[in-house]
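Encoded as structure tokens, the structure appears first; notes follow it.
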Amino acid sequence: MNPGRENRSRSGFRPFCWLEPQLYSGGVKRMSNNSILVVGGGFAGITAALEAAEIGYEVYIVETNPYLGGRVAQLNQYFPKLCPPSCGLEIQFQRIKNNPNVKVITMADVTSVSGTAGNYDVKITQRPRFVNEKCTACGECEKATSTKVESEFDFGTGSRGLAYKTHPFMFPMRYVVDAENASESELSAIQAACPYDAVALDDAPKTIDLAVGAIVVATGWKPYDVANLTNLGGGALKNVVTNMQFERLCAPNGPTNGKIQRPSDGAEPKKIAFVQCAGSRDQNHLNYCSYICCMASLKHVRYVRERSDASATIYYIDLRTPGRYDKFKSITEADDKLSLVKGKVAGIVEDANGNPIVTVENALTGIKTDEKFDMVVLATGMQPSIAELQVPAGQADADGFVIDGEGIIAAGCAKQPFDVMKTAQSGTAAAMKAIQTVVGR
């Protein structure tokens with residue numbers, strides 16, 4: 001018997017890719033517990049969901065953001081082939097659209113989990129989007145108000161409107177209305193501008209109950225809080241940015257359309273420093289190596305050199321490029337505009353013109369220097385998204401990484417720091433373990 005077919009028949013769900021609120025009238029809908037819940041709709045979560053769904057299991061993806069794709073969606077390019085994020089994600093989105101076993105619940109969080117493997121009761125709270133399924137993403141609502149707020153998707157390097165979509169290949173392709181920051185007159189203007197009656201200002205939070213047999217926790221990662229790195233000017237010096245902010249500055253759909261500019265004055269930097277282990281491998285911050293930071297900075301040097309004749313310096317403790325990435329390092333470091341300095345940066349200050357001044361002791365020569373740059377990029381570490389928060393299911397270690405339990409399986413960067421390739425592999429492995437938990441139920 002095909003378990004996915006049996007579930008669809010009993011639950012009465014229409015073959016549609018995301019979960020529509022009207023299917024949960026009264027706030028409660030019980031599923032048979034050979035269903036699988038995936039918490040997190042990044043690359044690991046999407047992979048796990050699709051692997052299970054394409055075998056025939058009913059899968060629910062719960063994502064806190066208005067879109068799927070996680071951190072990958074925010075990148076300019078990702079390893080190993082330096083593909084744009086749309087390359088891999090749009091294929092996955094098509095697979096979701098074509099598979100009625102996958103139900104997607106965006107702008108939602110798991111609030112409680114009870115039960116045991118094979119028989120979990122899960123409560124989910126979904127925040128209002130204020131835009132219904134009639135939305136065609138035409139953009140008329142966005143034009144109706146000129147108010148701008150800081151863009152979370154761009155890590156504060158740009159702004160967004162009160163009716164917005166985060167990026168061009170957003171999925172689901174549906175606008176969001178920021179009612180919290182909008183005035184009554186702005187909300188009315190947004191609603192009046194929509195030609196499809198898609199703005200639903202009476203939208204309200206919803207509670208959803210699911211019964212599932214296994215839970216994949218794929219809650220991903222967040223950049224380590226740069227404000228903790230006071231000696232490096234984190235969050236205080238305008239021309240000191242994080243590696244993820246730099247990704248958005250280099251992205252064609254970013255705030256500068258891919259042009260690298262200094263945040264303070266919009267000037268094109270001619271001399272850029274990349275500071276490794278900004279918060280990682282440090283007992284005062286993150287004890288562990290964040291795995292991708294060295295490769296990311298080498299990739300960022302490529303971004304710089306493709307766009308300009310600027311010089312770059314990487315300050316590092318160790319340059320870690322596992323496996324096949326060592327070839328990428330060899331090609332990148334052959335550029336005569338790149339300097340590699342082994343040494344931990346002690347501090348960064350700025351001069352009267354906003355130029356960062358980096359203090360570092362060269363570990364090979366023992367010489368301490370103060371060098372001025374136009375811009376500095378901090379390779380901030382990867383911290384689990386749920387660090388210092390309540391774990392949605394199961395338990396976490398002291399660093400916030402999720403520990404596998406019976407029926408609860410960690411995937412992707414919720415488990416440990418990974419690149420995209422290993423994240424996908426982790427998602428497949430998690431799907432297999434989830435299926436083993438629910439098979440035959």
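The values are calculated or read from the model by the stated rules, or taken from the named source; none is laboratory data. This structure is a prediction, so every number in the text was calculated from the model and none was measured. Virtual Cβ from ideal backbone geometry, glycine too; neighbours counted across all protein chains shown. Quick note on the areas: whole protein, heavy atoms, side chains included, nothing else; ligands and nucleic acids left out. Shrake-Rupley method; radii C 1.70, N 1.55, O 1.52, S 1.80 Å.
Mind pulling up the Rg/Rh value for segment 166-246? Radius of gyration and Kirkwood radius, both on Cα. It would help to have the intermediate numbers written out before the result.
Values: Rg = 19.7 Å, Rh = 17.8 Å.
Ratio value, two decimals: 1.11.
Which shape class applies to segment 249-364: rounded if a/c is under 1.5, otherwise prolate when a/b exceeds b/c and oblate if not, where a ≥ b ≥ c are the square roots of the Cα gyration tensor eigenvalues? Present the calculation step by step, with values, prior to reporting the outcome.
Details: a/c = 1.55, a/b = 1.17, b/c = 1.32.
Oblate.
Answer with one residue from Val420, Met244, Thr64: the one whose Cα lies farthest towards the positive end of the charge dipole of the chain, charges on Cβ with Lys, Arg +1 and Asp, Glu -1.
Going by the Cα projections, it comes out as Val420.
Take the alpha carbon gyration tensor of segment 69-181, find the square roots of its eigenvalues, order them as a ≥ b ≥ c, and report rounded if a/c is under 1.5; if not, report prolate when a/b exceeds b/c, else oblate. Can you show the working numbers first?
Working: a/c = 1.72, a/b = 1.24, b/c = 1.39.
Oblate is the answer for segment 69-181, as a/c is 1.5 or above yet b/c matches or exceeds a/b.
What accessible area per residue comes out for the chain, rounded to a whole number of Å², with a 1.4 Å probe?
Details: 18620 Å² over 441 residues.
Each residue of the chain exposes 42 Å² on average to a 1.4 Å probe.
If Lys337, Lys270 are ordered by their accessible area, calculated over protein heavy atoms with a 1.4 Å probe, which sequence runs from highest to lowest? Could the numbers behind the result be given before it?
Details: Lys337 65, Lys270 125 Å².
So, going from the largest accessible area down, we get Lys270, Lys337.
If you average the C-alpha positions of segment 396-441 and of segment 112-148 separately, how far apart do those two centres end up, in angstrom?
Comparing the Cα centres of segment 396-441 and segment 112-148, I get a distance of 24 Å.
For the chain, find the longest principal axis of its Cα atoms and tell me its angle to the long axis of helix 43-53, 0 to 90°, nearest 10.
30
For Lys238, give me every one of the lysines with a C-alpha distance below 23 angstrom, ignoring sequence neighbours fewer than eight places off in its own chain.
Answer for Lys238, where 23 Å is the Cα cut-off: Lys148, Lys222, Lys259, Lys270, Lys271, Lys299, Lys344, Lys372, listed by chain and number.
Where in segment 194-227 are there chymotrypsin sites (Phe, Trp or Tyr not before Pro) that are in a DSSP coil and have at most 16 other Cβ atoms within 10 angstrom of their Cβ? Numbers along the way, then the final one.
Working: sites: Tyr196, Trp221, Tyr224; in loops: Tyr196, Tyr224.
Listed in order of number, the matching sites are Tyr196.
Grab the DSSP H runs of the chain that are 4 residues or longer, score each as -39,500 (n - 2.57), total them, divide by all residues and round the 222 nm result to the nearest 500 deg cm²/dmol.
Numbers: 9 runs with 98 residues, N = 441.
Helices in the chain give a 222 nm mean residue ellipticity of -6500 deg cm²/dmol.
Taking only the alpha carbons of segment 52-104, what extent do you get along each of the three principal axes, in Å, biggest first?
33, 23, 14
Rounded, prolate or oblate for segment 215-291? Axes are the square roots of the Cα gyration tensor eigenvalues, ordered a ≥ b ≥ c, and the cut-off for rounded is a/c under 1.5.
Details: a/c = 2.45, a/b = 1.37, b/c = 1.79.
Oblate, since a/c reaches 1.5 and b/c is not below a/b.
For a quick size check, give me the Cα extents of the chain along its three principal axes, largest first, whole Å.
Projected onto its principal axes, the Cα set of the chain covers 71, 51, 33 Å.
I'd like the accessible area for Tyr67, computed on protein heavy atoms only with a 1.4 Å probe and all protein chains in place. Round to 10 Å², please.
My reading of the accessible area for Tyr67 is about 10 Å².
If you wrap segment 314-357's Cα atoms in a convex hull and average its projection over all directions, what's the area in nm²? Before the final figure, lay out each step's value.
Numbers: hull surface 16.4 nm².
The Cα convex hull of segment 314-357, projected and averaged over all directions, gives 4.1 nm².
In nm², what is the average projected area of the convex hull enclosing the Cα atoms of segment 137-274?
On the way: hull surface 48.3 nm².
It is 12.1 nm².
Rounded to the nearest 5, what % of the DSSP beta bridges within the chain are antiparallel ones? Walk me through the intermediate numbers first.
Values: 37 of 71 bridges.
The answer is about 50 percent antiparallel.
What do you reckon, how do Tyr325, Tyr291 stack up by accessible area (1.4 Å probe), largest on top? Walk me through the numbers on the way to the answer.
Values: Tyr325 10, Tyr291 50 Å².
These residues rank, largest area first, as Tyr291, Tyr325.
Top to bottom by accessible area (1.4 Å), largest first, where do Arg302, Arg129 land?
Numbers: Arg302 60, Arg129 15 Å².
Reading off the accessible areas and sorting them downward yields Arg302, Arg129.
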